[in-house]
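For reference, the structure discussed in these notes is given below.
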Amino acid sequence: MTVRYILALLATLTPMAASGAAHSEDRRIAGDATIGEGSAAAAQATDPAAPFINALQDVSARLRAMPYATSSDVARQNTEKYLAGLLAQAWDFAEQLNMLGTPYFSRGAGVEGLPGLYNPDNLYRSALLEPGGAYRIYGRRGTHADLSFQIIDQYPIVGLGKNLAVIRPDDMGARPGEDFEFYLGGTPRAGRNWFAMPDHSAAILVRQSFGDWRETPTSLYIERLDVPAPRSYQSPFAQAAAALHQATKLWVDGYVPEIQRNTMVNALPAPRPSATDSGGLGGQMSVMARYRISKGEVLLISVRKADVTYQGIQLGDPWFVTPNTVEHQVSLTARQAHVDDDGMIRFVISLDDPGVPNWLDPAGNPEGYIFMRWQGIRTPLKAGDAPTAHLLSLASLRQALPANSPTINSAERRKQLAERKWAPQVR
């Protein structure tokens, strides 16, 4: 069921005063965000969609009550897209939750409104796991830069899972265009392609990182090998309602305010290992900061091109959401970017096009987030690999760039942006 269909369906339904039911599995999802079981039965007997309708109304009101939500036309649009993204993720999660016996890898589809600052260079796919389960995971390696399977102890979207293990088919000898398989849980198997199921495993998250727009994705499959215990029917509306409440509690009330308090503005820290206790990928180095610019200003970010399989930078709006990744150049990889003769890559964040190849377009957001990643690190990063940031006037930008730094005209910019259209179609 698509998000568009869900929205159309909800528009035809009359919200009910009573909240919907949350079953035992929903309590595992949402904790304090679950809906009372007592009043739920009557509501669902009349309208099974009532919990989801009420949750959508509650979360919409919660977002609109935030000062940022109505601070500008751009902010209002961002807030609507964010709500739609939360809705989509909650519904997709409920569908997966009802198929634990026959799991599949969901697709992190969409180009805007995705919560959690999704990397435009990644294709995220996830499947839910059950402790004690046995799984076969297989596919054909695409031509993209990096492929990792991360096992976490929380369901994606509703929790920042702790990194329990990272499995890379490349370490098993898989090359682009070649088949691979590995086994997770169940009876131990000889060889290097069997892995014990870590305690408290809840999901497996796949990251396919792309160096450019036309690399091919990995074909990906998961098969459950054991016979799970029978499960009673669970209402997807109640499950999605609980997930929507919990995702809002996690991101809006918890994570985003926390990082706002603890990230630098217009300055960049040194790269450090991603936080594996809150969903970060093991083996990845990253930098997170905030930017704040006015019209006529630019933030110049300089970083050395590293010896890695993937190096990229992206922007996010104040909701910690990636803006439209197809119509705006909100991200660039080291392979897509222009590299100066000194081995440095110089990115420019500016509200107006500064006429340089490495423009990062904030999509009308005068403030937001910067996230940089290094994956598949062949040569360890050194102090000289740390990025720097300088706030300048747009008029003085050319003096801050190398003398032979190229310019780009409007026709070349359109050609550059046209490459981005391939991501949602090819991947």
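Laboratory data are not the source of any read-out in this text; all were calculated from the coordinates shown. Predicted model only: the values in this text are computed from it and were never measured. We place every Cβ from the backbone using ideal geometry, glycine too, and count neighbours over all the protein chains shown.
Based on alpha-carbon atoms only, what is the radius of gyration of the chain relative to the globular estimate 2.2 N^0.38 Å?
On the way: Rg = 22.4 Å, N = 427, 2.2 N^0.38 = 22.0 Å.
Dividing the Cα Rg of the chain by 2.2 N^0.38 Å gives 1.02.
For the chain, what does -39500 (n - 2.57) per DSSP helix run (n ≥ 4), summed and divided by total residues, give at 222 nm, in deg cm²/dmol to the nearest 500? Could you put the intermediate results ahead of the total?
Details: 10 runs with 105 residues, N = 427.
My calculation for the chain gives -7500 deg cm²/dmol from helical runs alone.
Cross-link partners among lysines for Lys305, C-alpha distance below 17 Å, same-chain residues fewer than 8 apart left out?
Lys382
Could you give the length gained by full extension between Glu95 and Asn324, i.e. 0.36 nm per residue of separation minus their alpha carbon distance, to one decimal place? If you can, show how the numbers build up before the last one.
Numbers: separation 229, 0.36 × 229 = 82.44 nm, distance 2.56 nm.
Full-extension gain reported as 79.9 nm.
For the stretch 348-427, place one equal point scatterer on every Cα, skip the solvent, and apply the Debye formula. What is log10 of I(q)/I(0) at q = 0.12, 0.13, 0.23 Å⁻¹?
-0.52, -0.61, -1.26
Using 0.36 nm times the number of residues separating Tyr68 and Asp307, minus their current alpha carbon distance, what extension gain do you get? The partial results should precede the final answer.
Details: separation 239, 0.36 × 239 = 86.04 nm, distance 3.96 nm.
Here the answer is 82.1 nm.
Note down the nm distance, to one decimal, between modelled labels 7 Å out along Cα→Cβ at Arg231 and at Asp170.
About 3.3 nm separates the two model spin labels.
Highest first, please rank the peptides 63-75, 332-344, 403-415, 87-99 by the mean number of other Cβ atoms sitting within 10 Å of their residues.
Details: 63-75: 13.8, 332-344: 15.6, 403-415: 11.2, 87-99: 21.5.
Highest mean packing first, the order is 87-99, 332-344, 63-75, 403-415.
Write down the Å³ per residue value for the convex hull defined by the alpha carbon atoms of the stretch 273-427.
123
Rounded to the nearest Å, what's the spacing between the alpha carbon centres of the stretch 320-335 and the stretch 359-384? Just the number, please.
11
Can you give me the pair-distance distribution of the stretch 111-189, C-alpha pairs, 10 Å bins, whole percents?
The percentages, shortest bin first, are 14, 44, 35, 7, 0.
Counting alpha carbon pairs within less than 8 Å and at least 6 residues apart, what relative contact order, in whole percent, applies to the chain? Before the final figure, lay out the partial values.
Values: 915 pairs, mean separation 74.4, N = 427.
Relative contact order of the chain: 17 percent.
I need to check one value: relative contact order of the stretch 88-161, counting alpha carbon pairs closer than 8 Å and at least 6 residues apart, in percent.
For the stretch 88-161, the relative contact order is 30 percent.
Can you list the DSSP H helices in the chain whose Cα atoms extend at least 24 Å along the helix axis and whose mean Kyte-Doolittle hydropathy is -1.0 or higher? Present the calculation step by step, with values, prior to reporting the outcome.
Working: long enough: 73-97 (36 Å, -0.34).
Helices meeting the criterion: 73-97.
Please compute the length gained on full extension between Gln425 and Leu392, using 0.36 nm multiplied by the number of residues separating them and subtracting their Cα-Cα distance.
Details: separation 33, 0.36 × 33 = 11.88 nm, distance 3.72 nm.
In short, 8.2 nm is gained.
Under 29 Å between alpha carbons, and skipping anything fewer than 8 positions from Lys81 in its own chain: which lysines qualify?
Lys162, Lys249, Lys295, Lys415, Lys421
Give the Debye-formula value of log10 I(q)/I(0) at each listed q (0.09, 0.18 Å⁻¹), with one equal scatterer per alpha carbon of the stretch 119-252, two decimals each.
Computed log10 I(q)/I(0) values: -0.31, -1.10.
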